[in-house]
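Each value in this text was obtained by applying a stated rule to the coordinates, not by laboratory testing. Predicted, not measured: the structure shown is a model, and the values here were computed from it. Cβ placement follows ideal geometry from the backbone for every residue including glycine, while neighbour counts extend to all protein chains displayed.
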Amino acid sequence: MIRIAIDGPSGAGKSTMAKLLAKDLGIDYIDTGAMYRALALKIFRTGIDCNNAEDLAKLLSTTDVDYEGGSVFLDGENVDGFIRTQEVSEMASVSSAIPAVREKLVALQKAMGQRKSLVMDGRDIGTNVLTDAECKFFLTASAHVRALRRAKEYEEKGLPCNVEEVEKDIETRDYRDSHRETNPLKQADDALLIDSSDMTIEEVVTAMKNVIQKVNK
Ligand code: DC
């Protein structure tokens with residue numbers, strides 16, 4: 001059994017690398033950000049105020065989030081197509097800082113990590129969810145490089161985009177993710193830091209595979 005934890009700020013390429021590694025090793029990939037996004041979608045759809053503890057507790061106790069076969073399910077509905085909007089990104093960034101939200105999703109993610117080999121990516125996987133993961137990476141890149149990558153994605157989809165705004169947005173989310181009280185974004189002491197600012201996807205994957213091979217022997 002091998003569990004690979006990949007943490008880092010948004011846009012660092014975590015999910016690209018996690019998917020490639022999972023495919024290569026023939027193991028599952030769990031996108032924990034998608035789980036926070038699904039819960040944010042539910043908050044959005046129901047219109048509750050996520051700062052109202054009573055309403056939030058009620059919503060959490062009646063909501064089911066699952067990640068299976070590369071898709072995220074909210075109360076049994078595949079919501080892959082609804083979680084990448086600007087509104088949901090913003091709501092996920094805010095609601096993921098609330099301890100009750102994290103408590104629910106971290107428990108689910110920890111249970112997933114008990115059962116089988118997997119690659120899990122997020123912000124607190126190495127430090128909190130899979131503290132005993134066999135392999136931990138902290139993947140990062142400068143805010144500017146991440147903004148340029150995001151802008152290229154928008155461009156490819158034919159969507160308008162202002163790089164400066166994207167960079168500002170990335171910096172705001174970085175700050176929020178790494179300064180919240182509960183499970184902030186932080187490199188685990190035993191995680192390998194990879195700064196992909198000047199690296200190609202292939203170079204990053206090769207660096208990760210070299211480490212995994214040593215651990216998996
Ligand atoms: O990786 P992403 O952008 O899809 O994540 C969406 C939001 O969820 C983001 O604001 C960070 C948060 N998140 C988190 O707090 N902990 C995780 N393990 C994964 C994501």
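Couple of notes before you dig in:
- Basic side chains Lys and Arg get +1 at the Cβ, acidic Asp and Glu get -1 at the Cβ, and with that the dipole of the chain about its Cα centre reaches some 520 debye.
- Neighbour cut-off at most 16 other Cβ (10 Å), DSSP loop, GluC sites (Glu not before Pro), the stretch 69-142: 134
- Theoretical ellipticity at 222 nm over the chain - DSSP helices of four or more residues, -39500 (n - 2.57) apiece, nearest 500: -16000 deg cm²/dmol
- Protection proxy ranking, highest mean first, for peptides 151-161, 105-115: 105-115, 151-161, where packing is the per-residue count of other beta-carbon atoms within 10 Å, averaged.
- The chain shape via C-alpha gyration tensor axes, a/c threshold 1.5: oblate
- Annotation for residue 62 and residue 2: the two label points, set 7 Å from Cα along the Cα-Cβ direction, are 4.4 nm apart.
- Maximal additional length on extending the residue 52-residue 16 stretch stands at 9.4 nm, based on 0.36 nm per residue less the C-alpha distance.
- Computed from backbone phi with θ = phi - 60° and the Karplus coefficients 6.51, -1.76 and 1.60, the 3J(HN,Hα) list for the stretch 151-165 is 4, 5, 4, 4, 4, 4, 8, x, 9, x, 7, 10, 4, 4, 5 Hz; x is used for glycine and proline.
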